[in-house]
Each structure stands twice: as structure tokens, then as C-alpha cells.
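The values are calculated or read from the model by the stated rules, or taken from the named source; none is laboratory data. Since this is a predicted model, take the numbers as computed values, not measurements. Note that we place each Cβ from the backbone using ideal geometry, even for glycine, and neighbour counts take in every protein chain shown. Accessible surface areas use protein heavy atoms only, side chains included; no ligands, DNA or RNA. Shrake-Rupley method; radii C 1.70, N 1.55, O 1.52, S 1.80 Å.
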Amino acid sequence: MIFLRISVMDLQVGDRTSLDVFNKNGVLIVAAHTALNASDINKLNLHQIDDVDLMIRFDGFTEEAQKPLNISQDEVTQQIKAYGEAVDGIKYLFESSSKTGKLDDAQVNESFAPLSNQFVQEKDVVALLLNLTNQNDYTYQHSVQVGMISYYIAKWLGQTNERAIIAGKAGYLHDIGKCRIDPEILNKPGRLTDEEFEEVKKHTLHGYQLIKDSKMSEALAQAALQHHERYDGSGYPYQIKEAKIQPLSKIVAVADIYSAMISSRVYQEKKDLLFVLRELYLMSFGKIDPKITQVFIRNMIPNFIGKRVLLTSGEIGYIILTHPNDFFKPLVQIDDYFINLAEHPELEIEEVYV
């Protein structure tokens, strides 16, 4: 459990002791795991107890980073509606671009509008992803998710709303080149052959050319081209390294990886949202931009506060506090007791629920 040594003078009703409290004569005054009331605090003062070990401060959520992010059912309904409209929009763009070989900028803006309108007020991103992630229409849903996540990353990096909207649009269009890939390959239920994978990789080149031919911005074209490039040169299509990857492409790359790993596909089961954040953290050492990744993780973590989780032990509880030194090992409440996952390496969070 988390131990917090605190002066008796600073105790508050609701604080929970982590250890038994004895007076100077060895008499038990307050038992461990007691939720203190006014009488308990008075008793500690009468026995001249100086300090008490607390398991957790129940007012510890006063800092913004530790507050559960609440979202109403009406907001969820509005978001799902906007999400569906954006999915329909990108699907139309894929189909029309496949026929005409070009994108209509006005149509792009119209298709992206339902999503961008939801960006005005930051929402509970984790709840949104949990509500919206499913296996149907993966390519289109993935495009919408990457657009949404790219926008939030840009905002969290301190960019203006105008620049963040551009990042969102870059994410929204990042896979548009797949409109020129054989649907049988894209939707193949098993692992791709080497030849098929080489064909899929061409979507970055197709996307770049499609956006360029449509007289849209170079930044959007570069994001479509470079979102699979990696800092160590292991990406594609050109195996370029860190310095040559454009800033917008770096944002979209992080969003692309996260969305892909949390999504169900015909050949891949989705992975838990918190697990994927840890995978991104590991990739930030040589594969993707470390600053962007850290900013993304740091701003995503508060979204997990208050979420119901399934542990590998089979127990179900709620995340109530994140560990300052290990975001992926939070404090979990199960019924009337707490588990500090940082002290239990054998336990992991298996799944996060809405």
C-alpha cells in the first residue's frame, strides 16, 4: 500500500491509516486501515501521538491531474454521432479518390467538420476510445481515431487550435493512399505475404501523391508519406531517420501506432489502452519521438482515473490514483481495500472498461 507519513495536526476526517497506531506505552489507539473520524483524531491528540502513517489521502484528488474526468451520457451520444459522421465522411473520400484520383478540399473539410466540432472542449479521451473502438470498417474508423488523437497531441504540445486542427486533418487523411490498394489485401483475414505487405506499404506513396495532386498542403502530404518512418531508420517508405521526419509526421506516427494497437482487426485482437501506452513508452527509446510520446502519455493517464479495471488476478476494481514514478502501476481500489500495483510486479491490468 502507499504509506504517507503525516502530522496528527494535519489529519482530516476520511484519512485511512496504513499501520496500527500505538501510544508511548504500547497501547493500541487506532487500528490499521481505519477511516478516521473526528473522535479518532481527537483520541490521537489526547495520547500525544505526533505522526501517523496513512494508506491514502482521500482528498488527494484535488490536483487536476488526479481528478476523474466525468462525461455525461448526452456528451457520449453526441460524440458517437459525430464519430459516425466522420467515419462516413472518410469512407466517401476513399471511394471518390479511388475513382477520380484527387481529393476535393471542400469535401475534406465537410467530412472532417463533425470531428473538429467536437474538439472545442477536451473530453474524456479514454472513455471515447472505449466507446468507439470496434472491428467494423477498421480502415475508416482508424483514420477518424488518428485524426482525433493527433489533434489532442498537438493541443497537449501547446500548439494553437488552428495548428491542432491541421494536425487532426493530417491524421484523418494519413491513410488515404489505401484507396489505391486492393481491398482483398487490405481486408485479408490472415497474415499478409511479403509481396502483399510490400503492396500495402505503397499506401504512403499513394497518399502523398494524391494529396499533392489535389493541391493541398505539403504538411498533409508529408504526414501521409512519413507516418511509418522511424527514428532509427527502420520504417518505410524511405527508411529516413529522426532529423528528416517532419514534425507533423511525428505526431501522426504516435497517434497511428496507438490507434492501431487498441483496435480489433480480422487478424489481431485489440490490446488494452493502458498496455499500449506502455508499449509506446518503450518505442520512444529509438523508434518514435520521445517528447511527443511523453506528452501523450502524461495527458492520457488522468483519463484512466475512475475507470473500472480487470486485474490478471481476476479481481475487478477502480483506478483511483496514478503513481508519480510509474504511470502504468496505479493504485486500484477493490471493494474496501487498495492495491498499489507498483508493489505487486506479479499483477497487471488486463483490461480497462468504460
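Just a few scattered comments:
- For the chain: accessible area per residue (Å², 1.4 Å): 48 Å²
- Listed pairs LYS201/LYS271; LYS169/LYS291; LYS91/LYS201; LYS102/LYS271; LYS81/LYS241 exceeding 29 Å between Cα atoms: LYS102/LYS271; LYS81/LYS241
- Qualifying chymotrypsin sites (Phe, Trp or Tyr not before Pro) in the range 231-325, DSSP loop, other Cβ atoms within 10 Å at most 11: TYR267, PHE285
- The range 184-295: radius of gyration and largest Cα-Cα distance (Dmax), Å: 14.6, 40
- Value at 222 nm in deg cm²/dmol, rounded to 500, when DSSP H runs of n ≥ 4 in the chain each add -39,500 (n - 2.57): -14000 deg cm²/dmol
- Note on LYS24: lysines with a C-alpha under 17 Å away, same-chain residues under 8 apart excluded, are LYS43.
- Expressed as a whole percent, the accessible surface of the chain that belongs to carbon and sulfur atoms is 50, based on a 1.4 Å probe.
- Cβ-derived FRET efficiency at R0 51 Å, THR193 paired with ARG163, nearest 0.05: 0.80
- Placing unit charges on the Cβ atoms only, positive for Lys and Arg and negative for Asp and Glu, gives the chain a dipole magnitude near 880 debye about its Cα centre.
- In Å², nearest 10: area of ASP335 left accessible to a 1.4 Å probe: 130 Å²
- Within-14-Å neighbourhood charge of HIS47 [Cβ basis; K, R +1; D, E -1]: -2
- The range 1-54 and the range 310-346 have Cα centres spaced 24 Å apart.
- Length gained on full extension, ALA31 to ASP137, computed as 0.36 nm times the residue gap minus the Cα-Cα distance: 32.6 nm.
- Each Lys or Arg adds one and each Asp or Glu takes one away; over the other residues whose Cβ falls under 12 Å from the Cβ of HIS344, this sums to -4.
- Charged neighbours of SER214, selected by a Cβ distance under 14 Å, balance to +2 (K, R count +1; D, E count -1).
- Label assignment, Rg/Rh (Cα atoms, Kirkwood Rh) derived from the structure, set (i) 1.09; (ii) 0.94; (iii) 1.04: (i)
- Cα-based Kirkwood hydrodynamic radius, the range 91-190, one decimal, Å: 14.4 Å
- In plain terms, the chain from TYR238 to LYS215 could stretch by 6.0 nm, reckoned as 0.36 nm per residue minus the Cα-Cα distance.
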